[in-house]
1. Pick out, from the range 62-160, the strands (runs of 3 or more DSSP E) lying fully within it that include 2 or more residues that are closer than 23 Å to ALA14 by Cα and not basic (Lys, Arg).
2. Taking the range 1-19, which residues are among the small types (Gly, Ala, Ser) and surrounded by 11 or more Cβ atoms within 10 Å (Cβ to Cβ)?
3. For the range 70-101, how many residues are within 19 Å of GLU56 (Cβ to Cβ) and out of contact with any Leu (no Cβ under 9 Å at 6 or more places or on another chain)?
4. For THR94, indicate whether it is surrounded by fewer than 16 Cβ atoms within 10 Å (Cβ to Cβ), within 12 Å of VAL67 (Cα to Cα) and of a type in the set (Ser, Thr, Tyr).
5. Can you tell me which of (1) in contact with a Pro (Cβ under 6 Å, 6 or more places away or on another chain); (2) in contact (Cβ under 8 Å) with a residue 40 or more places away in the chain is the one SER69 doesn't meet?
6. Restricting attention to the range 82-124, which residues are more than 30 Å from GLY41 (Cβ to Cβ) and among the charged types (D, E, K, R)?
7. How about the range 127-145: which of its residues are aliphatic (A, V, I, L, M) and exposed (fewer than 14 other Cβ atoms within 10 Å of the Cβ)?
Amino acid sequence: HVVPEFLGNRAPFADPDARALIAGLDLDTSLDSLVGLYVAGVCGLGYGARQIVRAEHDKGIPVDTIVVSGGAGQSPLVRQLLADTTGMVVVASTSPEPVLLGSAMLGAVAAGAYKDLTRAMAGMSELGEVYHPDATLAGWHAKRFAAFELLQQAGKAIRG
């Protein structure tokens, strides 16, 4: 289990003192063990995203899709893991530079080319591959998410 808060928690808890926690390590130095740690780390990122989405829902902000971009988000494995860990649809952008495209959208709205960001997004971007959560893994991820939150609580208790 990995809680990847190496630089604190920005969202949803805004806890700059939070730190990463890893549980379940052994002395196995095989490639399989490294892959397992990598997958656990990506799952930890997904569980953190799951907390953010839950916080948004609690505030009345509906979220039904996560759009990924950049670095690891280019990997089909990472996209599927994010869909599975969050229980949400994950979609990739077709843009090779979606962050820069987002900046261009803001500029287009500021310049008056589009009335609002929603229209700029519709006019300037398109969605690519769609990843649906694997329903057969929902129970397994619910247990791992509970462990993730327990580790976060343990980390906070240790700091306190």
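All of the numbers you see were taken from the coordinates with simple rules; none came from a lab. This is a predicted model, so every value here is computed, not measured. No Cβ is skipped: glycine too gets one built from the backbone with ideal geometry, and neighbour counts run over all protein chains shown.
1. By residue number, 65-68.
2. The initial filter retains those residues of the range 1-19 that are among the small types (Gly, Ala, Ser), namely 8, 11, 14, 18.
Selection gives GLY8, ALA11, ALA18.
3. Within the range 70-101, residues that are within 19 Å of GLU56 (Cβ to Cβ) and out of contact with any Leu (no Cβ under 9 Å at 6 or more places or on another chain) number 4.
4. yes
5. Every condition holds for SER69 apart from (2).
6. LYS115, ASP116, ARG119
7. Residues satisfying the conditions are LEU127, VAL130, ALA135, ALA138, ALA142.
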